[in-house]
1. Quick one: grab the alpha carbon gyration tensor of segment 384-441, order the square roots of its eigenvalues as a ≥ b ≥ c, and give me rounded if a/c is under 1.5, else prolate or oblate depending on whether a/b is larger than b/c.
2. What ranking do 596-603, 158-165 get when scored by the average of other Cβ atoms within 10 Å per residue, highest first?
3. Run the numbers for Q369 and E507: contour at 0.36 nm per residue of separation, minus the present Cα-Cα distance, in nm.
4. If you take the beta carbon distance between T240 and T145 as r and set R0 to 41 Å, what does 1/(1 + (r/R0)^6) give as a FRET efficiency, to the nearest 0.05?
5. Given H placed on each backbone N at 1.01 Å, which residues far from Y324 in sequence or on other chains put an amide H within less than 5 Å of it?
6. Mind ordering 175-187, 314-326, 372-384 by average Cβ neighbours within 10 Å, highest first?
7. Would you work out what percent of the accessible area of segment 310-445, with all protein chains in place, is carbon or sulfur (probe 1.4 Å)?
8. Please turn the phi angles of segment 16-33 into ³J(HN,Hα) values with the Karplus equation 6.51 cos²θ - 1.76 cosθ + 1.60 (θ = phi - 60°), one per residue in order, whole Hz, x for glycine and proline.
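The values are calculated or read from the model by the stated rules, or taken from the named source; none is laboratory data. Worth saying up front: this structure is predicted, and the values here are computed from it rather than measured. Using ideal geometry, Cβ is built from the backbone for each residue, glycine included, and neighbour counts are taken over all protein chains shown. Just the protein is used for accessible areas: all its heavy atoms, side chains included, with ligands, DNA and RNA removed. Shrake-Rupley method; radii C 1.70, N 1.55, O 1.52, S 1.80 Å.
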Amino acid sequence: MTEFKNTERELHYFRLRLSVVGGFVFFCFALLLARFVWLQMYKHSDYAAQAEDNRISVVPLVPNRGLIVDRNGVVLARNFSAYTLEITPSKINGTLDAVIDALSEVVDIQSKDRKRLKKLLEEQKNFESTPIRTRLTDEEVARFTAQRYRFPGVEIQARLFRQYPLGETASHVIGYIGRVSQKDAEKIDAREDAANYAGTEYIGKEGLEKSYEKELHGVTGNQEVEISAGGRAVRTLSRTSATPGNNLVLSIDIELQKIVEEAYGDRRGAFIAIDPATGEILAYVSKPTYDPNLFVEGIDQQSWDDLNNSPDRPLVNRPLTGTYPPGSTYKPFMALAALELGLRTPASAIVDPGHYVFGNHTFRDDKPQGHGVVNLHDSIVKSCDIFYFMLANDMGVDRIHDFMKPFGFGDPTGIDLENERGGLLPSTAWKRGYFKTPEQRKWYGGDTISLGIGQGYNSFTPLQIAKAVATLANNGVAMRPHLVKAVESGATAERTIIAPKQSSRIELKQENIDFVKQAMAGVTSEIGGTAYIVFHDAQYQSAGKTGTAQVVGMKKNEKYNKNAVAERLRDNSLYTAFAPVDHPRIAIAMVVENGGFGAEAAAPIARKALDYYLLGKRPDGTGGVAVPAAESDASEPDAAVEMDAEDDAQAAKPPVQGGKN
């Protein structure tokens, strides 16, 4: 009986446990059913979209970058297709160095390629494909393809590369592109058009490549690709083609550019040629230059050190950021100011004894015996310093400042390049704000005297001087300098001409402008003119002005001796010009650093440029017109200012050497 009751009890508990388990199973199935119903009926659309996203990958299609051509269609920046060997570090087997060592047995990989790769990896994510070798030959592609199985995470990609076919020519104008750095990526993410840069690996870094980045980049396209569970592309579902970037048509005449760059040779300096009527830049030279192709895939350390540590500073964009005292090229503007302000007349004359005494200072002309009787016309033609020492003293610094300001001296020109420097047009207000001590802030009469010959605190960029000369040639109408003449659609090839922009109009009396122009014409055409030897046989009439500006000051009773001064401390050579005189088509401003007399170093380069632009005449290969230094500019150099130790302290000046700041 007892055994029967135990059996019944065990059976009861078994059934109870079975019921509990069955209920639990039923409850679980009920939950699964409820979840199934919830997913199928209420969340179907959401999860269907997510599944579709996992199945479909949207791949950005990077547009072809626009071309850059000169005014005659010569290509200055283009794209070409080539194969690249790329590594994705997250997919490789073994260490990166071991993989590269093995790859170097198949494809030529040099130490500079390794260094560049490691530098790029520091700026990118570990799962991104990064190039280790670019522009593979067909033989290298074939060798790697045969052994590709050995290198998981290493692929060959066909990519477009930027190329600058003329190398160093016009490099400071064109600039270059480079790989997008982390800093660049942060700036792009903050832009309104950030989505347009999806997949973009290169961006403009300098020059027009940077300032016209939006135009050159184009519009990114995309394609929807169906992806298998293994992550392989199965088929393309849809495609929106990328729109190529727009092409830039420059105002630069690249042949004129080449002629000027070759004429400079190994000398340092800057040269700007501009159309006075439109503001179009015809030539933009900064010497020395550099090869922008070095920067496209990341410059190697040795090349960077060579460029960055060179005493010639080839990376400095001298027309844009170099500042120089204008020297005697300032005198035509001083003469125009004298006429406009009623301080001088065309008949005004002085007797030049070769020196001018002001207080403790003796300001000397380079011609010890002086020029004798000099009128306003001759003061420009013969470059008489004493005339302008006296004029500056009569005018005063603030009247000089107020007259010169509308010509653009000391202000950025607004050219279509970034990082333009302002320069310095001094005034009493500027000095009070610039210096710290009351003694330094005081404006001294001696400070004004030097301004008359374009020295002292005067410090302008070659672009500013070129704009001022073009404004004078254009009878007071100032046009904004620009490098891009037209933008050509990358999709339709339709051109949009960039209309010239007038920045200001200076109210000047035409008879005064004509007087100064004729005096500048006398510089090149009258015997005794400082550029007569260089231009007297030209087949056109040009107006010009030579200039020689000190780099270092001279002590009292010290006479300048070029041969006794270190090369980089010698005077700068300057020249300004426009031609033809009656209807100017080109205006020039240039400087040859440490070149000496204006007619000795600068004017012959200007002659070659004008001969080509106006006559189509190219240099004959002998170096152009020989200019004997003793005859060409004997009276030209701007005077050295004699100072004693006390005067030195009062006349301390900020640095003005072009390319040094």
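1. oblate
2. Answer by packing, highest mean first, reads 596-603, 158-165.
3. Working: separation 138, 0.36 × 138 = 49.68 nm, distance 3.88 nm.
Length gained between Q369 and E507: 45.8 nm.
4. 0.85
5. Placed amide hydrogens put F460, T461 under 5 Å from Y324.
6. Put in order of decreasing packing, that is 314-326, 372-384, 175-187.
7. The value for segment 310-445 is 53 percent carbon and sulfur by accessible area.
8. Working through the residues one at a time gives 5, 4, 5, 5, 5, 4, x, x, 5, 5, 4, 4, 5, 4, 5, 5, 4, 5 Hz.
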